[in-house]
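Peer 1: Sending over a structure as structure tokens; questions will come in a sec.
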Amino acid sequence: MKRRKLGNSGLEVAPLAFGGNVFGWTVNEADSFPLLDAFVSSGFNLIDTADIYPRWVPGNEGGESEVIIGNWLKRSGKRQEVVVATKVGFEMGPNKQGLSKDYIMRAADDSLRRLQTDYIDLYQSHTDDPQTPLEETLEAFTELIKQGKVRAIGASNYTAERLAEALEVSKSRGLARYESLQPLYNLYDRAVYEDALEPLCETEGLGVINYYSLAAGFLTGKYRSEDDLSKSARGGTVKKYLNARGFRILDALEQVAAQYNSTPAHVSLAWLIARPSITAPIASATSLDQLNDLIEATKLELDQDAIELLNEASAEGEQEKSHAKTQSS
């Protein structure tokens, strides 16, 4: 499996990341282990999670995904074979949120304990914290790197303006800098990333591991009407894609899929992997069949005509771009 450099982090990853948001939610621990075993044995190595995953499930406290991954790391003995990425910032309880130095230091130790490891390969700010100076946040990350608890840091859900500001603070103060970005990006959700974040990442040499790579399953083609939304736990998230542009994208995906004797999901991921700025799209699987399907997608290489067809079908008008920017702010 050919690896890609994750920006200037020193980390190298295969071109597909396993999204750990499903662990402790739609996948229990017993079923998680075979998925992780199969993922790594197939040559992939980037596992992405967060301290908050999946706190939204009734009865959960957050951290369940990290616990499952930690138990798997201990049982499998494969810690050296994987790149573990996790995040900090979203609310985990009273006085447990944000990116203050004190909280980051405490949260990192909590994640390390749950993951049963001495270090986090990629520690990411899960969301911007306007209440905390960027210098304070970056000082915390710098200290964690010096302590050997973190190898590299990244940002998730940052605007281009704030990401650029953070990079400048790192440069001017001699602090650790964000070496990767985790944005929302897929064949439908394009404008916010492509207009401002992508040029910045390319200029600064940041790796990009985008989430919602299949638009919560919409780009698999299994949602064609509101009646289909009950097909999965994430169905409600898909409703916003059921419009003229969304159906135009699905039609193009099916056209390209037929040309390659493939599937819309394969084509959607292949389109992302082919984009020069993307290091590894993140996708989740709840069964071995789904995982094998994702792995097959990494073997599909689209020609330029297919990429252009998809680009044109998914192009956003000015009104759609304005709406996307409003939604992301």
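Peer 1: Using modelled amide H (1.01 Å from N, peptide plane; none on Pro or chain starts), what sits under 5 Å from the amide H of residue 17, excluding residues fewer than 5 places away?
Peer 2: For residue 17, whose amide H was placed from the backbone, the distant partners under 5 Å are 282, 283.
Peer 1: Further question on the same structure: Where the centroid of each part is defined by its Cα atoms, how far is the stretch 188-227 from the stretch 127-147 in Å?
Peer 2: Cα centroid of the stretch 188-227 versus Cα centroid of the stretch 127-147: 26 Å apart.
Peer 1: What is the diffusion coefficient of the stretch 13-53 in µm²/s, taking the Kirkwood radius over Cα pairs and the Stokes-Einstein relation at 25 °C with a viscosity of 0.890 mPa s?
Peer 2: Calculated translational D: 231 µm²/s.
Peer 1: Another question about this same structure. Measuring with a 1.4 Å probe in the full set of protein chains, what accessible area per residue, in whole Å², belongs to the chain?
Peer 2: I get 43 Å² per residue for this part.
Peer 1: Rounded to the nearest 0.05, what FRET efficiency do residue 105 and residue 254 have when you use their Cβ-Cβ distance and R0 = 35 Å?
Peer 2: That pair, residue 105 with residue 254, gives E of 0.10.
Peer 1: I've got another one for you. In a Gaussian network model over the chain where Cα atoms closer than 10 Å are linked, find which of 75, 245, 224 has the largest mean-square fluctuation.
Peer 2: Taking springs between Cα atoms under 10 Å, the residue moving most is 75.
Peer 1: Counting other C-beta atoms within 10 Å, and keeping those with at most 11, which DSSP coil trypsin sites (Lys or Arg not before Pro) do you find in the stretch 104-135?
Peer 2: none
Peer 1: Could you look at the chain and say what percent of its accessible area is carbon and sulfur, using a 1.4 Å probe and all protein chains?
Peer 2: Whole-percent figure for carbon plus sulfur exposure: 47.
Peer 1: Volume per residue, Å³, of the convex hull around the alpha-carbon atoms of the stretch 159-261?
Peer 2: In the stretch 159-261, the Cα convex hull volume per residue is 128 Å³.
Peer 1: How many nm separate the modelled label positions at residue 299 and residue 203, each set 7 Å beyond the Cα in the direction of the Cβ?
Peer 2: 4.1
Peer 1: Amide H to amide H, which residues 5 or more places from residue 4 or on other chains are under 5 Å from it, using H placed in the peptide plane?
Peer 2: Long-range HN contacts for residue 4: 13, 14.
Peer 1: Would you mind computing, in nm to one decimal, how far apart the modelled labels at residue 261 and residue 2 are, each placed 7 Å from Cα along Cα→Cβ?
Peer 2: 2.3
Peer 1: Continuing with this model, one more query. Taking only DSSP H segments of four or more residues, each worth -39500 (n - 2.57), what value at 222 nm results for the chain once the sum is divided by all its residues, to the nearest 500 deg cm²/dmol?
Peer 2: Per the formula, -12500 deg cm²/dmol.
Peer 1: Rank 20, 43, 154 by mean-square fluctuation in a GNM of the chain with C-alpha springs under 10 angstrom and give only the top-ranked residue.
Peer 2: Fluctuation is largest for 43.
Peer 1: Any idea how far the Cα center of the stretch 271-300 sits from the one of the stretch 5-25, in Å?
Peer 2: Spelled out, the Cα-based centre of one part sits 11 Å from the other.
Peer 1: Using only Cα atoms, what Kirkwood radius does the chain have, in angstroms?
Peer 2: It is 20.1 Å.
Peer 1: Still on this model: How would 136, 316 rank on accessible area, largest to smallest, probe 1.4 Å?
Peer 2: Result, largest first: 136, 316.
Peer 1: A further question on this structure: Report, as a whole number in µm² per second, the diffusion coefficient that Stokes-Einstein gives for the stretch 194-312 at 37 °C and 0.692 mPa s using the Kirkwood radius over alpha carbon pairs.
Peer 2: Reported coefficient: 218 µm²/s.
Peer 1: Cβ neighbours within 10 Å, averaged per peptide: list 120-133, 296-309 in order, most packed at the top.
Peer 2: 120-133, 296-309
Peer 1: What is the set of long-range amide H partners of residue 157 at a cut-off below 5 Å, with H atoms built 1.01 Å from backbone N?
Peer 2: Distant-sequence amide H within range of residue 157: 182, 184.
Peer 1: What are the ³J(HN,Hα) values, in whole Hz, obtained from phi via the Karplus relation 6.51 cos²θ - 1.76 cosθ + 1.60 with θ = phi - 60°, for each residue of the stretch 88-100 in sequence order, with x given for Gly and Pro?
Peer 2: 9, x, 6, 5, 10, x, x, 6, 10, 6, x, 10, 5
Peer 1: GNM on the chain, C-alpha springs below 10 Å: top fluctuator among 55, 173, 79?
Peer 2: Evaluated over the chain, the most mobile residue of the options is 173.
Peer 1: Additional query: Applying the Karplus parametrisation 6.51 cos²θ - 1.76 cosθ + 1.60 with θ = phi - 60° to the phi angles of the stretch 146-152, what ³J(HN,Hα) value in whole Hz is obtained for each residue in order, glycine and proline being reported as x?
Peer 2: Whole-Hz 3J(HN,Hα) from phi for the stretch 146-152: 5, 6, x, 7, 9, 8, 8.
Peer 1: Suppose accessible area is computed on protein heavy atoms with a 1.4 Å probe; arrange 209, 145 from highest to lowest.
Peer 2: Final ranking, largest accessible area leading: 145, 209.
Peer 1: Let me ask something additional. Provide the per-residue ³J(HN,Hα) series for the stretch 167-184, in order, calculated from phi with Karplus coefficients 6.51, -1.76, 1.60 and θ = phi - 60°, each as a whole number of Hz, with x at glycine and proline positions.
Peer 2: My calculation for the stretch 167-184 gives 5, 5, 4, 4, 5, 6, 9, x, 9, 4, 10, 5, 9, 8, 10, 10, x, 6 Hz in order.
The values are calculated or read from the model by the stated rules, or taken from the named source; none is laboratory data. Being a predicted model, the structure only gives us computed values, none of them experimental. We place every Cβ from the backbone using ideal geometry, glycine too, and count neighbours over all the protein chains shown. In case anyone asks, the SASA skips ligands and DNA or RNA and just uses the protein heavy atoms, side chains included. Shrake-Rupley method; radii C 1.70, N 1.55, O 1.52, S 1.80 Å.
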